[in-house]
Amino acid sequence: MGADHRTFLEATLPHLDVVYQVARHAAGDGQDPEDLVQETYLRAYAAFGSWRGESTRAWLAAICLNAARSAARRRRRRPWEVAAMALEALPVARADGGEAARDVADVVIAGLDAQAVSRCLAVLPEPQRVCIVLMDMAGYTAAETAAVLGCPRGTVLARVHRGRLKLARLLVEAGVSDGRP
Amino acid sequence: MDGHDRDHGLLAAFLAGELDAAGARRWDEHLLACEQCWRAVREDRAGRQAAQLLRQPAPPGLADRVTFAVELAAAGMAGQGWPRHRVRPQRSRRWVRLRWRWLAAAGALAAAVAALAAVLLPGGRESASMPAAVAAVAHYAQTVPSARPPGPAPGGSSAPVEVGKPVTVSAGGQRMVLRVWRLGRVEAVVAVSTRPFPMPARAQGVTGPGMAWTARLGTIGLYCRNGSTSELVAAPVPQSQLAALAARLPAA
């Protein structure tokens, strides 16, 4: 502790947006993402003296995920653990007739709805969800994501790919099972 | 490429542009002939587009909040008082005032509080006698920079003037908005939260409208009043002047 806070803020504040993306999806129920961002920065500042400066935003994301896990432990709950929810209510636009025969990708792109995407994302397995949040939402590279999660880059690529496929299919299923025209 | 090679790692590496030229060419050729893999490519793209829809910029004010919290923590780490007590003699009062205004405008209402980082963190250190949220407000009031312009004493008639801008912060898991008001020679910190500020062990209840209590932490007097929101006033004034001081401040 005791590092120059101005240097710290100059190095870390440009990454506030990406940390916020991670926090929004790492924060458990009852945890405010902005509180999690604040905690992330306080923890990062505390550790700034020992930080070697490889990838600032990867370092911040790792701290954010750890802070979310700590908060979840405090609440005796696991982060990223989202109860399976009924997909029937998801407001995904249903394509007209012949749904089953339509290409999954076409249906998904035609019916994109942020709330539905968020709900479907929440039911993905945690490793896939984290990779999607980091790469597709926060804009981390595969190498940075691998550094955050401490796993090989190939594993990250496979997880994000599987997660995207599952997300696309969940969105279609939600739309199909919605029963709306 | 052998037929329906669905290896997720390879396909993902191809989609991420991480295969060498020969590997990428093999996938290109394979995709021309393999409907199953082509569909996987399209679904991957659809999933990525869907996830990208969830991107949101950080809310306005979050950068100020983070800056504020880090500067508070930094001051706490130094374990020193704000320059109020350490202003070099050759510095003019005007210099101090300008410096303070600049800091206030920047949202950098930094303060020196030992162990403040600990109370800012959720679940952080919290003594039995002083809840973390209350301690954080008191510590902040203790170290709010002041230009100390000439003016009447707290009991005077000057109107309160807001100093700097409000900052949202969490301490001990409680979210609050902090404002600083100048009343004559006194600067008071007012913290407003939707949750009632916990009553310290040695606090005294105050009779009057609603639930209110007063307490003291070092030189800082604390006055809490609960209504639709909970409001905690912290200022370096005697206990007997707190209620009158609080009554002169704008309602939350």
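Here are some notes:
- Descending principal axes extents, the range B:8-52, alpha-carbon based, whole Å: 31, 22, 13
- Scalar couplings 3J(HN,Hα) for the range B:25-42, obtained by applying the Karplus form with A = 6.51, B = -1.76, C = 1.60 to θ = phi - 60°, are 5, 5, 5, 4, 5, 5, 5, 5, 9, 10, 5, 4, 5, 4, 5, 4, 5, 5 Hz; x denotes Gly and Pro.
- Once the chain from residue A:143 to residue A:6 is taken as fully extended at 0.36 nm per residue, the excess over their C-alpha distance is 46.5 nm.
- Working note: Karplus 6.51/-1.76/1.60 with θ = phi - 60° gives the range B:223-239 the couplings 9, 10, 10, 10, x, 5, 10, 9, 10, 10, 9, 10, 7, x, 10, x, 3 Hz, where Gly and Pro are set to x.
- Charge sum, other residues only, whose C-beta stays under 11 Å from residue B:74's C-beta, Lys/Arg counted +1 and Asp/Glu -1: -1
- Net charge contributed by nearby residues that have their C-beta within less than 11 Å of residue B:162 (K/R +1, D/E -1): +2
- Per-residue average of Cβ from other chains inside 10 Å of B:14-21: 2
- Counting Cβ atoms of other protein chains within 10 Å of each residue's Cβ and taking the mean over peptide B:28-41 gives 1.
- Fraction in percent of alpha-carbon pairs per bin - 10 Å, the range A:5-74: 22, 57, 20, 1
- For peptides A:25-32, A:63-70, sequence by mean Cβ density within 10 Å, most packed first: A:63-70, A:25-32
- For the peptides B:37-44, B:242-249, the ranking by packing is B:37-44, B:242-249, with the highest mean count of neighbouring Cβ atoms within 10 Å listed first.
- Taking 0.36 nm per residue of sequence separation and removing the Cα-Cα distance, the residue B:16/residue B:228 pair yields an extension gain of 71.0 nm.
- Principal axis dimensions, the range B:187-226 - Cα atoms, whole angstrom, descending: 26, 20, 17
- Extending 7 Å from the Cα toward the beta-carbon at both residue A:56 and residue B:26 defines two label points whose distance is 4.1 nm.
- This model, with +1 at the C-beta of Lys and Arg and -1 at the C-beta of Asp and Glu, gives the range A:5-74 a dipole about its Cα centre of some 280 debye.
Computed from the coordinates by the stated procedures, all read-outs in this text should not be read as laboratory data. If you're wondering where the values come from, they're calculated on a predicted model, not measured in any experiment. Virtual Cβ from ideal backbone geometry, glycine too; neighbours counted across all protein chains shown.
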